[in-house]
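Take a look at the structure below.
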Amino acid sequence: MTLGSGEEILKRADEMAQFSAMEKGLTRAYLTKEHKQAHQQLSHWMALAGLEVWQDSVGNQWGRKASSNPTQPTLIIGSHSDTVVNAGKYDGNLGILLGLEALKQLEGIDLPFHVDLVAFADEEGVRFNTTLIGSSATAGCFQPAWLDIKDSDNIAMGEAMLSFGLPPELAGKDARLPQEVKAYLEVHIEQGPVLEDLNLPVGVVTGIAGAKRYQLSVKGMAGHAGTVPHALRMDALCGVAEMITTIETYGLEHNVVATVGKCDVKPGAVNVIPGDVVFSLDVRSPVQGDLEVACNELHSQLEEIAQRRELQLTSELTYQAEAVPCNAELQQQWGKIVEKQTGTKACFLPSGAGHDAMVMANITDIGMLFVRCEKGISHNPREQVNAQDVTVALNCLVDMVQLLANPNSAEA
Ligand SMILES: [Zn+2]
């Protein structure tokens, strides 16, 4: 370990943050001047680290630590280089820079597989109304119809690719095949407060949460707030209030998070008993089965409340995404490595946010490590990580590559 590796990585994150569409602040969208500049910088650093560099069909930047005798499929390490509007410096970029430093440290060590480092050019989907374009192309999920999606300046993705120097007809044609890939590793900031709360520098990701969203509608009877006694009311909002606390209690007691974020009360007057309430329900879990069970149980509990209060409940599913588990063996290996590097038992936690890894799971096993970020703040210029934590994450990543190269070593 080189002392100060964490600081070195943070310095590079500062340099990357200069490639921005904003004067003061960081915004870097897909197929822009900033995208090109940032990837030129990364390509330069990758070449200095002894990697073979190339840009793929959709503008992802790659660097390969080539094996002299590859006897196993290629290991891919990566994250995304694009950002949200007025972003922090570490979301995505930290994972790329950690991969770069890890391969620098492994320079001169011959591994039984190539290691490809990738900077995915679009994950956030800020410019075109679709996300995860970069990893979708690598994982064979790029949809040619996306080329027609226009940005806010009415420029289609295909046109933007042409101006960037990429032939749109080739987009996604260089996808990797499952048998060519050993695994995909991604280190990412947590974007939540759990590791900070536990005072841990890193944590092992168990999976990327699946989500279901509903619009629920509760019908009661509007009435005069002064003349209708409580026993004779059918107050839709009181029913929904009970439903919301039931939802919260369920989330506290089960492996899900459940949130009511929107609530619309009608008629919405101070002197009228609420007759109609429409509210949202967002349920997430890293385990698809738990998510399904939770949604069924919650619906029957809410229905029970509605019936007891003589209210009518209807529910409509408005969005769903499947949970994507991280590979169990990779989780176990991260766990051992984290314990060795930190001297404490590893924390295993789900990701409530989406990541490139969930797309890469279409072609290979995924393994993710989270790095503590200050107060869990992300998608915000105040996003912050500390150098010691980054050094711990780096050491874990270097150990992981070596463990995958020598699974029978007593090291971890
Ligand atoms: Zn991210």
Exposure of V287 as accessible area (Å², to 10), given a probe of 1.4 Å and all protein chains: 70 Å²
Fluctuation leader among L397, L200, L311 - the chain, Gaussian network, Cα springs under 10 angstrom: L311
Just round it to a whole percent: the fraction of Cα-Cα distances in the chain exceeding 39 Å. 27 percent
What do you get for the angle between helix 328-342 and the principal long axis of the chain? Use alpha-carbon atoms, 0 to 90 degrees, nearest ten. 70 degrees
Across K173/K375; K36/K173; K65/K89; K33/K173; K262/K375; K173/K340, pairs whose alpha-carbon gap is larger than 32 Å: K173/K375; K173/K340
Within the set of other residues whose C-beta is less than 12 Å from the C-beta of E190, count the net charge using Lys and Arg as +1 and Asp and Glu as -1. -4
Can you pull the Kirkwood radius for the range 210-321, inverse mean 1/r over Cα pairs, to one decimal in Å? 14.4 Å
Gyration tensor (Cα) of the range 110-226, equivalent ellipsoid semi-axes in angstrom: 37, 28, 14
Quick one: work out the % antiparallel among DSSP beta bridges in the range 1-120, nearest 5. 60 percent
Taking every DSSP beta bridge with both residues inside the chain, roughly what % is antiparallel (nearest 5)? 70 percent
Which percent of the accessible area of the chain is formed by carbon and sulfur heavy atoms (probe 1.4 angstrom)? 51 percent
The answer for the chain, accessible area per residue at 1.4 Å probe in Å², is 44 Å²
With Cβ to Cβ distances under 10 Å as the rule, what net charge do the other residues near E101 carry (K, R +1; D, E -1)? +1
Those lysines that a straight Cα-Cα span of less than 19 Å connects to K266, excepting residues fewer than 8 apart in one chain: K219
Mind checking Rg over Rh on the range 25-166, alpha carbons, Kirkwood formula for Rh? 0.99
So, relative contact order of the chain in percent, Cα under 8 Å, 6 or more apart, is 21 percent
Counting only protein heavy atoms and leaving out ligands, DNA and RNA, the solvent-accessible surface of Y319 at a 1.4 Å probe, in Å² to the nearest 10, equals 100 Å²
Relative contact order of the range 168-295, pairs being alpha-carbon contacts under 8 Å that are 6 or more residues apart, as %: 31 percent
So what is the 222 nm mean residue ellipticity for the chain from helices alone, if each DSSP H run of at least 4 adds -39500 (n - 2.57) and you divide by all residues, rounding to the nearest 500 deg cm²/dmol? -10500 deg cm²/dmol
Where does each of E303, E329, E186 land when they are ordered by accessible area, with a 1.4 Å probe and the largest first? E329, E303, E186
With +1 assigned to the C-beta of every Lys and Arg and -1 to the C-beta of every Asp and Glu, and no other charges, what is the dipole magnitude of the range 141-264 about the Cα centre in debye, to the nearest 20? 460 debye
What net charge is computed for the residues neighbouring I76, neighbours being all others with C-beta under 13 Å from the C-beta of I76, Lys and Arg scored +1, Asp and Glu -1? -2
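The values are calculated or read from the model by the stated rules, or taken from the named source; none is laboratory data. Keep in mind that what you see is a predicted model, and the values were worked out from it rather than measured. We place every Cβ from the backbone using ideal geometry, glycine too, and count neighbours over all the protein chains shown. Side chains included, ligands, DNA and RNA excluded: accessible areas come from the protein's heavy atoms. Shrake-Rupley method; radii C 1.70, N 1.55, O 1.52, S 1.80 Å.
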